[in-house]
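Participant: One structure, as structure tokens, below. Some questions next.
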Amino acid sequence: MTPRLHDYVLSASCYKVRLMAALVGVRLDLVAVDFHPGREHKGPAFRALNPAGTLPVLETGELVLTESTAMLVWLAQGHPGWTGDGSRSAAAQVQQWLAFSARLAASLGMARLHDMLHFPADIDGCRLAGIDCLREVEAHLFEARLAGRLFLTGDRPTIADIACFPNVALAPDGGVGLEPYPGIRLWMRAIRSLPGFIEMPGIHRLHELRPAPERGAA
Amino acid sequence: MKTGGRVTNWVANGLSRDVVAGVVVPGRWQGVDLAIWRSATGVLRAWKDRCPHRGMRLSHGFVRGEGLSCIYHGWTYGTDGRCRSIPAHPDLVPPAAIRAEALDCAEADGVIWVAGAGEAGPLPAVTGLVPLRSLALHALPGQIAAALPGLRLFPGGLRGVVVLGGIQTSLCLLLQELARGQTMIHALCGPQDDPVAVSRGLEDLRRSIEQGVAA
């Protein structure tokens, strides 16, 4: 079957999965869930699918996955490079950043849910923790660049980059500016330049990658 | 700041290698938000961060070839600041009065400098050092200077020889005030210094200065 993603267009975690699928050329059946204001994901019908009442959910035909990082692993299977180069060190580094992406969701992601959808949160604490995360990413990317690497775990993107990218790129929605992070800016540009990249509200594609529309074209 | 009796108002706005060809980034000079961009052929410009059309930030826009386009309605400006095309009126030659507001910008020793149009004196010299990285602190320039008595003030920032990250380094910190009490440090170090050690030393320095400011 075509994998089915229970999806909310404004969710950073749902976008991770849509983006990964687009980058590896996997088609998804999207089922829109009324996350806000309907809270459909907390209703009995949705909980029958995912008792935790969280988005996204991916039905693969064989599995029902409820963690976005697991969905990235599932989608990347059979697409060499996206899970690392096969070495022990790359495998461990990918896991390191997948775990780190949970810190991004709990800090920058929660600040965004607070500001956009009025989630209750310690907003100052979320923003400060988010700035700590951004500083860690920036320092890591600086050292990576010295070694000639553009992405988090090497010279090509992996699921680690896709797991971390959305909540970093959407940080301004939660009141955390990205102005002070030149390394993060170049890293985000490299991800947005990947063939197959798709956008979401708040993360637009690089218009300059295509020629200017012809004058007079519809 | 005064230098040799002449006033300079150059403010470091980043390291050259962080603004590659074909990108636009936000900048700031004396409380004014900027869009700093580099064309496909490498021409660097610093403009006020405001599209003359509807006031959208030009730093949210994109660079295509030798022009900067606003993300809102696609008005495109050439390196001379003049609007050269308006997508909604493809047959209109935009009037010469429609132009982005430019500041002076210059590059030397791997540093991007910005000053008010026609107001600046000579560029501060940071010759002999290599660009390291830029990082922001929640502290004001005076608080940073006070935390680093081993460095001396010079036009544009602080410099001197200090022990940082466990090594002795020739350090230069170019200071740029951002909004909301933040300061951007554009750091340069000696060509022989270990960049990873100095970078980690700067992270330590930031922690201790911010703890001091919070206390």
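The values are calculated or read from the model by the stated rules, or taken from the named source; none is laboratory data. What you are looking at is a predicted structure, and each value in this text was computed from that prediction instead of being measured. All Cβ positions, even for glycine, are placed from backbone atoms using ideal geometry, and neighbour counts span all protein chains on display. Accessible surface is based on the protein model in full, side chains and every heavy atom, while ligands, DNA and RNA are left aside. Shrake-Rupley method; radii C 1.70, N 1.55, O 1.52, S 1.80 Å.
Participant: Does A:Leu117 satisfy the criteria of being among the aliphatic types (A, V, I, L, M), open to solvent by 10 Å² or more (accessible area, probe 1.4 Å) and under 22 Å from B:Val19 (Cα atoms)? Full working, then the answer.
Facilitator: Working: among the aliphatic types (A, V, I, L, M): yes; open to solvent by 10 Å² or more (accessible area, probe 1.4 Å): yes; under 22 Å from B:Val19 (Cα atoms): no.
Criteria not met by A:Leu117.
Participant: Same structure, new question: When the residues of the range B:78-88 are narrowed to those that are without any contact (Cβ under 8 Å) to a residue 40 or more places away in the chain and part of a loop (DSSP other than H, G, I, E, B), which ends up surrounded by the fewest Cβ atoms within 10 Å (Cβ to Cβ)?
Facilitator: Of the range B:78-88, the ones without any contact (Cβ under 8 Å) to a residue 40 or more places away in the chain are B:78, B:80-88.
With the extra rule that they be part of a loop (DSSP other than H, G, I, E, B), the set shrinks to B:80-81, B:86-88.
Working: B:Asp80: 12, B:Gly81: 15, B:Ile86: 17, B:Pro87: 13, B:Ala88: 9.
Step by step, filter the range B:78-88, then rank; the result is B:Ala88.
Participant: What's the total number of residues in the range B:61-74 that are more than 9 Å from chain A (Cβ to nearest Cβ) and without any contact (Cβ under 8 Å) to a residue 24 or more places away in the chain?
Facilitator: Residues in the range B:61-74 being more than 9 Å from chain A (Cβ to nearest Cβ) and without any contact (Cβ under 8 Å) to a residue 24 or more places away in the chain: 3 in total.
Participant: Please go through (1) touching a residue at least 60 places away in the same chain (Cβ under 8 Å); (2) open to solvent by less than 30 Å² (accessible area, probe 1.4 Å); (3) more than 30 Å from B:Ala197 (Cβ to Cβ) for A:Thr83 and return the number of the only condition it doesn't satisfy.
Facilitator: Every condition holds for A:Thr83 apart from (2).
Participant: Follow-up. When the residues of the range A:191-218 are narrowed to those that are open to solvent by less than 20 Å² (accessible area, probe 1.4 Å) and either more than 10 Å from chain B (Cβ to nearest Cβ) or in contact with a Gly (Cβ under 8 Å, 6 or more places away or on another chain) (or both), which ends up nearest to A:Val9 (Cα to Cα)? Break it down into steps so the answer makes sense when it comes.
Facilitator: Let us first name the residues in the range A:191-218 that are open to solvent by less than 20 Å² (accessible area, probe 1.4 Å), namely A:191, A:200, A:203, A:206.
Filter again for either more than 10 Å from chain B (Cβ to nearest Cβ) or in contact with a Gly (Cβ under 8 Å, 6 or more places away or on another chain) (or both), leaving A:191, A:200, A:203.
Numbers: A:Ile191: 20, A:Met200: 7, A:Ile203: 12 Å.
Selected residue: A:Met200.
Participant: In the list B:Ala197, B:Ala117, B:Ala179, which residue meets the criterion of being part of a loop (DSSP other than H, G, I, E, B), surrounded by fewer than 16 Cβ atoms within 10 Å (Cβ to Cβ), within 14 Å of another protein chain (Cβ to nearest Cβ) and not β-branched (Val, Ile, Thr)? Spell out the reasoning first.
Facilitator: On the way: B:Ala197 fails: part of a loop (DSSP other than H, G, I, E, B); B:Ala117 fails: within 14 Å of another protein chain (Cβ to nearest Cβ).
Result of the check over B:Ala197, B:Ala117, B:Ala179: B:Ala179.
Participant: I'd like to know if the range B:138-158 contains one or more residues that are basic (Lys, Arg) and not in a strand (DSSP E or B). Please lay out each step first, then the result.
Facilitator: Looking only at the range B:138-158, we keep the residues that are basic (Lys, Arg), and these are B:152.
Checking the rest, the ones that are also not in a strand (DSSP E or B) come to none.
Taking every residue of the range B:138-158 in turn, none turns out to be basic (Lys, Arg) and not in a strand (DSSP E or B).
Participant: Also: Only one of (1) assigned to a loop (DSSP other than H, G, I, E, B); (2) within 17 Å of A:Phe100 (Cα to Cα); (3) in contact (Cβ under 8 Å) with a residue 60 or more places away in the chain fails for A:Leu194. Which number is that?
Facilitator: Condition (2) is where A:Leu194 drops out.
Participant: Name the one entry in B:Asp104, B:Asp91 that is farther than 30 Å from B:Ala214 by Cα, outside any loop (DSSP other than H, G, I, E, B) and open to solvent by 30 Å² or more (accessible area, probe 1.4 Å). If you could, list the steps in order and put the result at the bottom.
Facilitator: Values: B:Asp91 fails: outside any loop (DSSP other than H, G, I, E, B).
Of B:Asp104, B:Asp91, the one residue that is farther than 30 Å from B:Ala214 by Cα, outside any loop (DSSP other than H, G, I, E, B) and open to solvent by 30 Å² or more (accessible area, probe 1.4 Å) is B:Asp104.
Participant: Take the conditions of a type outside the set (A, V, I, L, M), modelled with pLDDT of 95 or more and not assigned by TED's automatic domain parsing to the domain that holds B:Lys48 and apply them to B:Arg180. Does it pass? Explain how you work it out, then say what you get.
Facilitator: On the way: of a type outside the set (A, V, I, L, M): yes; modelled with pLDDT of 95 or more: no; not assigned by TED's automatic domain parsing to the domain that holds B:Lys48: yes.
Criteria not met by B:Arg180.
Participant: Any chance you could count how many residues in the range B:75-114 are more than 14 Å from every other protein chain (Cβ to nearest Cβ) and either hydrophobic (A, V, I, L, M, F, W, C) or within 30 Å of B:Cys189 (Cα to Cα) (or both)?
Facilitator: Residues meeting the conditions: 15.
Participant: Kindly evaluate B:Val163 against the criterion of being part of a strand (DSSP E or B) and at pLDDT below 95.
Facilitator: Details: part of a strand (DSSP E or B): yes; at pLDDT below 95: yes.
Against the criterion (part of a strand (DSSP E or B) and at pLDDT below 95), B:Val163 qualifies.
Participant: Next question. Residues being in contact (Cβ under 8 Å) with a residue 40 or more places away in the chain and either over 24 Å from B:Glu177 (Cα atoms) or among the hydrophobic types (A, V, I, L, M, F, W, C) (or both): count how many of those fall in the range A:152-190.
Facilitator: 24
Participant: Within the bounds of the range B:65-77, is there any residue that is within 19 Å of the chain's Cα centre (by Cα) and open to solvent by 30 Å² or more (accessible area, probe 1.4 Å)? It would help to see each step written out before you state the result.
Facilitator: Taking the range B:65-77 first, the residues within 19 Å of the chain's Cα centre (by Cα) are B:68.
If we keep only those that are open to solvent by 30 Å² or more (accessible area, probe 1.4 Å) as well, we get none.
Checked the range B:65-77: no residue is within 19 Å of the chain's Cα centre (by Cα) and open to solvent by 30 Å² or more (accessible area, probe 1.4 Å).
Participant: Need a quick list: helices (runs of 4 or more DSSP H) entirely within the range A:78-184 having at least 2 residues that are on the phi < 0 side of the Ramachandran plot and within 14 Å of chain B (Cβ to nearest Cβ). Walk me through it before giving the result.
Facilitator: Numbers: elements: A:88-104, A:110-117, A:123-146, A:159-169.
By residue number, A:123-146.
Participant: Condition first: aliphatic (A, V, I, L, M), in a helix (DSSP H, G or I) and open to solvent by 30 Å² or more (accessible area, probe 1.4 Å). Now tell me which residues in the range A:23-60 satisfy that. Walk me through how you get there before you give the answer.
Facilitator: Quick first cut of the range A:23-60, residues aliphatic (A, V, I, L, M) only: A:23-24, A:26, A:28, A:30-33, A:45, A:48-49, A:52, A:55, A:57-58.
Then drop every residue that is not in a helix (DSSP H, G or I), which leaves A:23-24, A:45, A:48-49.
Those that are aliphatic (A, V, I, L, M), in a helix (DSSP H, G or I) and open to solvent by 30 Å² or more (accessible area, probe 1.4 Å): A:Ala45, A:Ala48, A:Leu49.
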